[in-house]
Amino acid sequence: MQVGPGAGNVLDIRGLDISYGAGAPTIRGVELSMAPGEILGLIGESGSGKSTVAMACMGLLPKTAQVRADQFTVCGQDVSALDRRGWRDLRGGHAGMIFQDAMGALDPSMRIGNQIAEVIGRHRGLRGKARARAVVDVLEKVGVPEPGKRARHYSFQLSGGLRQRVAIALALAGDPQLLLADEPTTALDVTVQAGILQLFRQVRDDFGVGILLISHDMGVIAQTADRVGVMLNGEIVEQGPVSEVLVRPQDDYTKRLLDAMPRLDGPGIPSEHEDETAVFEIQDLHKTFRVKGQTIAAVRGVSLDIRRGEVLSVVGESGSGKSTLARLVAGLETPTAGAVKLDGKKLARRGRTALSGRLQMVFQHPLGSLNPRLRIGTSVREPLGSSLGKGEDVRARIAKALQEVDLPADAAGRFPHEMSGGQAQRVAIARSLIAGPEVVILDEPTSALDVSVQAQILELLEELKKQGDLTYLFISHDLAVVRQISDRVAVMYAGEVVELGETSQVFNEPKHWYTKVLLSAVPSPDPRSRGDLDAAAKSGSGGSAGSGGEGPRCSFMMRCPMADDLCATVRPPLADEGSGHLVACHHPREAEVTHEVSA
C-alpha cells in the first residue's frame, strides 16, 4: 500500500531536519506518511536516526534540538504549534510509545493496574468501577493472563514478555490512533518475540491504530510491517512495501544489511573439526539456588563434553540454564552435585586460579564488563596480572592484542565511553585473548550489536579461533547466529540438555519438540515466507524455559503437543538417535517429520 500525505493519515512528515546547536543537521529531509491501521517499519543501524525521528513525533527530544519541517503532523495535529498542554494531550491520548526496556518504562513503585488506570482517567475520563473494568479489559486484550490478578502486581514480579505486554497495554490505555514502538522485542527470547509480533498485528486489526515499528532486525520488520523505510546517517535511503524493499532492494546499504543477516537457511560455516579430545568433561552436573525459601534447580543432570578446537553452542530461552552452565564451567559457580573435569581431572575449588590462565569469558554487555574509569589498555592488560613487568614489553603485548581484533593501537589510551558497541566488544575479546587461553566462553556476545557489526564480530571470532587453535563455548538465544558459527549445538530447557548434535543435525533434522518451537519462531528476513507464528507464540505462553519442575516427567510436557501419559510419568533420558545425535524425548520422530524451518 502506497501512502502519501493526506488529512486521514496518523503521521505526515515532509522535509524533516533536526540539528543540535550550530552543527549540521543529524536528521535530513526525512519524509514519512502512515495511514490508520498500517504498520510502517523503520530499520537501520545504531546512530542512523530511527529513534530520533520517533522521539520528535512525541516531543521528547532535548531542548537543544532544533526541529524544522515543511510538514509535521501527528494524528492530525501540527506538532510545531503545540504548547506544553498540547503535547501532554497528544502523548497517551492520541499517540502512545513503547520502549525497548519495558522495566525502565514502568514505575517499579506502583502496581501496574494503577499505572494503567492513571492513563485511562487522564485521557478517557473514566472513574471508579468503569476505570477498573477498563484496566482489566486492556490487559486482557494484550494477552496478559489473569488480568485482574496481574493488575495488582508490580513490574518486577513479571517476566520480560509479560512486562512488554503491560507496556503495550499502557500505551493503548488512552485509546490512541498511533503507536511508536522503539526496538520492542530486542531483549526478548525468540518465542516471546513471536508472541509480541503477533500481538502487534492483532492490535492493528482490533484497534485500527497505525504502528511505527523501529528495529534493526530485518526479520521482525519482514514478518510484521506493511511498508518499510531504511535509514542511514539521518536520511531515508529507501522506502516502499516490504515485499519490494526486502526482496528487491535498490540501495546498496539495504543490500549490505540483508547480506549481513545470519539466516537459518544459510550454509553456515563448514565444520573442519575432527579432534574428539575433550578439554572439559561435564558429568551429571547440578546447580540449585535458594530463593525466598524455595529451591530453584538451574542446572539438572547435564552431561556433555567440550572438544578441543570446536565451537559448542548452547541455546535456549531465558531461564533455561545456559548461562549458569557457562559459569559452572568457568568456575564462577560451585556445582551442587556432579563434576567438571579439565583434561580428565576433576576441577577443585583451589584450581580456579590456575584455570583462569586457560579459560576466559566474553560477556553480553561489553561496556558493563569494562571499568569506566580505566583506560582500554589497562583493562586489556588485567588478565596478565603480574606475569609481565612494565614498559615496552607490556605496551607491545597490548598493542598486538588490539591489532588482532582490528582496533588501532591508540585505542589503548581511550576510555570505554569513547568506544562504539562493536569496538567495546572487540576490546572485551582482546582482553580475553591476551593471556593466551585455550578455551573462551562467549555469553551472548552479539545480541546487543547491529547486524553488520554482528557479522564482523562473528568473522573475527572465526579467524581468531583458526589462528590460536581456540575452543569456544558459545551461549546464545539467536539460532541464526548459532547456525553460522557452531560445530555442535546443545539445546537446553528447564536446566536440562534436551538435544545435542552436530549443527546440521539439530537445524535440519530437529528431534525434540522444543528445538522445533525455537526454530519455527525465528522471523525470516524474507517477507515472501511470512509464516504463521501463532503456533510458536502459543508455545511460548504455555510455560517458561525455567519451569520444568521436578519429579518423574518430561520437563517440556506442558508445552508439547505430543505429551501423553508416558511423558507425565517418565522423564526421557538423553539417548542417541543415531550418528551421535542425542535427544531427550519420547516422541522424537514426530518432531522431525513435522519440522519446517521458517526462514
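What to note about this one:
- Unmet criterion (only one of (1) part of a strand (DSSP E or B); (2) under 24 Å from Gly219 (Cβ atoms); (3) open to solvent by 30 Å² or more (accessible area, probe 1.4 Å); (4) not hydroxyl-bearing (Ser, Thr, Tyr)) for Val67: (2)
- Residues (outside any helix (DSSP H, G or I) and aliphatic (A, V, I, L, M)) located in the stretch 203-228: Val209, Ile211, Leu212, Leu213, Ile214, Ala225, Val228
- Some residue of the stretch 13-24 being crowded, with 18+ Cβ neighbours inside 10 Å, among the aromatic types (Phe, Trp, Tyr) and in contact (Cβ under 8 Å) with a residue 24 or more places away in the chain: no
- In the stretch 457-512, the qualifying residues are those that are more than 16 Å from Ile441 (Cβ to Cβ) and among the polar types (S, T, N, Q), and the one that is least open to solvent (accessible area, probe 1.4 Å) is Thr503.
- Checking Val439 against (1) among the aliphatic types (A, V, I, L, M); (2) out of contact with any strand residue (DSSP E or B) (no Cβ under 7 Å at 6 or more places or on another chain); (3) surrounded by fewer than 24 Cβ atoms within 10 Å (Cβ to Cβ), the condition it does not meet: (2)
- Unique match (being under 27 Å from Asp189 (Cα atoms), assigned to a helix (DSSP H, G or I) and aliphatic (A, V, I, L, M)) among Leu325, Leu285, Leu304, Leu264: Leu325
To keep it simple, each residue is scored yes or no on (1) surrounded by 24 or more Cβ atoms within 10 Å (Cβ to Cβ); (2) of a type in the set (A, V, I, L, M, F, W, C); (3) part of a strand (DSSP E or B).
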residue: Asp175; (1), (2), (3): no, no, no
residue: Leu180; (1), (2), (3): yes, yes, yes
residue: Thr186; (1), (2), (3): no, no, no
residue: Thr191; (1), (2), (3): yes, no, no
residue: Arg201; (1), (2), (3): no, no, no
residue: Val237; (1), (2), (3): no, yes, yes
residue: Pro249; (1), (2), (3): no, no, no
residue: Lys255; (1), (2), (3): no, no, no
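- Enumerated helices (runs of 4 or more DSSP H) restricted to the stretch 80-157, each holding at least 1 residues that are under 27 Å from the mean Cα position of the chain (by Cα), among the acidic types (Asp, Glu) and at negative phi: 128-141
- Helices (runs of 4 or more DSSP H) contained entirely in the stretch 517-599, each with at least 2 residues that are touching a strand residue (DSSP E or B) at 6+ places or on another chain (Cβ under 7 Å) and either over 15 Å from Val491 (Cβ atoms) or at pLDDT below 80 (or both): none
- Taking the stretch 172-188 as the range and being closer than 21 Å to Ile43 by Cβ and touching a residue at least 60 places away in the same chain (Cβ under 8 Å) as the test, the residues that pass are Leu178, Leu179, Leu180, Ala181, Asp182, Glu183, Pro184, Thr186, Ala187.
- All positions within the stretch 292-322 that are of a type in the set (Ser, Thr, Tyr) and either closer than 25 Å to Lys466 by Cβ or surrounded by fewer than 23 Cβ atoms within 10 Å (Cβ to Cβ) (or both): Thr295, Ser303, Ser313, Ser318
- Listed by first and then second residue, the pairs linking a residue in the stretch 134-159 that is under 21 Å from Asp101 (Cα atoms) to a residue that is outside any loop (DSSP other than H, G, I, E, B) and not hydrophobic (A, V, I, L, M, F, W, C), with Cβ atoms under 6 Å apart and 6 or more places separating them unless they lie on different chains, are Leu139/Pro147; Val142/Arg165; Gly143/Arg165; Val144/Arg150; Val144/Arg165; Ala151/Gly113; Ser155/Arg163.
The values are calculated or read from the model by the stated rules, or taken from the named source; none is laboratory data. From a predicted model like this one, the values you see are computed outputs, not experimental measurements. Using ideal geometry, Cβ is built from the backbone for each residue, glycine included, and neighbour counts are taken over all protein chains shown. Quick note on the areas: whole protein, heavy atoms, side chains included, nothing else; ligands and nucleic acids left out. Shrake-Rupley method; radii C 1.70, N 1.55, O 1.52, S 1.80 Å.
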